[in-house]
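I have placed the structure first, in the form of structure tokens, so that the comments after it can refer back to it.
The values are calculated or read from the model by the stated rules, or taken from the named source; none is laboratory data. Remember, predicted model here, so these are calculated numbers, not experimental data. Reconstructed Cβ throughout: ideal geometry from the backbone, glycine too, with neighbour counts over all protein chains shown. Accessible surface areas use protein heavy atoms only, side chains included; no ligands, DNA or RNA. Shrake-Rupley method; radii C 1.70, N 1.55, O 1.52, S 1.80 Å.
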Amino acid sequence: MTTPATRSGTGQPAELFFEDLVPGLTVDLGVVTVDGDEMVAFARRFDPQWYHVDTDLAGESRHGGLIASGFYTVSLFMRAYVDHLLSRAAADASPGLEELRWLAPVRAGDRLAVRVDVMGARPSTARPGLGTVSLTGTMLRLGPDDRPEQEVLRTRFRGWFAARPTEAEPAGPAEPAGPAEPAGPAEPAEADLSEADRPDHGPTGADQPASDPAETDPAETRPAETSPDGPEQPEGGPAKAEPHD
């Protein structure tokens, strides 16, 4: 019997797993064309700086016209990443970015080639069943001949991907049951003990606050040192306990 199908980033059955994303792999994420209306609408909503939204001011500036918000450009990258990789891969969440750089202005009508390169991969120590994949994403402006002209975006980030499911081991024959052990006398439940039967006449273990082993003073947990003749006792009776923190 196999495990249930692992879902891709868009909810479909996955076909790519952590083991498939090996260092050195390059995944082509296609070509996106920058829509001018969408570019400006994004900027008006999320990044309304004048060189993103004011045609006249941007035209008179060193930019020579409107340029895209960098966050719009990285959103185009993210959509291509989802459409061409995460939609097929057993993707989990991402722990974050290491680098995000906008290397050249992006303008309406630009055609941007998108890709990701797998830089490293290792099993996750924090999340069993997942692997951490280190990726570099790039976007390159294409010229009229479809040749890359200039890199406009670069990002380095990590993603978690599920390992490929394995088939469960077939169950072996059941072991014959042996003779039942005779039951001994039942221990009285602590709730049935009288107050005098409880240790130290104090609250039960369930009433005592749990302590963190990491916060325990090692000196309080070591056994007392004894001499060959038994524990030393000071003259004049038992010693008084010294207060401590």
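Only residues in region 134-160 that are touching a residue at least 60 places away in the same chain (Cβ under 8 Å) and closer than 22 Å to A108 by Cβ count as the first member; pair them with residues that are among the hydroxyl-bearing types (S, T, Y) and assigned to a loop (DSSP other than H, G, I, E, B), Cβ under 8 angstrom, at least 6 apart or cross-chain, and list the lot. Pairs that qualify, where the first residue is touching a residue at least 60 places away in the same chain (Cβ under 8 Å) and closer than 22 Å to A108 by Cβ and the partner is among the hydroxyl-bearing types (S, T, Y) and assigned to a loop (DSSP other than H, G, I, E, B): there are none. Just one of the listed residues (L86, L135, L76) is over 14 Å from R154 (Cα atoms) and of a type outside the set (S, T, Y), namely L86. Has region 117-136 got at least one residue that is within 20 Å of V31 (Cα to Cα) and of a type in the set (K, R)? Taking every residue of region 117-136 in turn, none turns out to be within 20 Å of V31 (Cα to Cα) and of a type in the set (K, R). Here the helices (runs of 4 or more DSSP H) wholly within region 12-95 that include at least 2 residues being in contact (Cβ under 8 Å) with a residue 24 or more places away in the chain and open to solvent by less than 50 Å² (accessible area, probe 1.4 Å) are 36-46, 70-81. Determine, yes or no, whether G109 is closer than 30 Å to Y51 by Cβ and either without any contact (Cβ under 8 Å) to a residue 12 or more places away in the chain or not polar (S, T, N, Q) (or both). It is true that G109 is closer than 30 Å to Y51 by Cβ and either without any contact (Cβ under 8 Å) to a residue 12 or more places away in the chain or not polar (S, T, N, Q) (or both).
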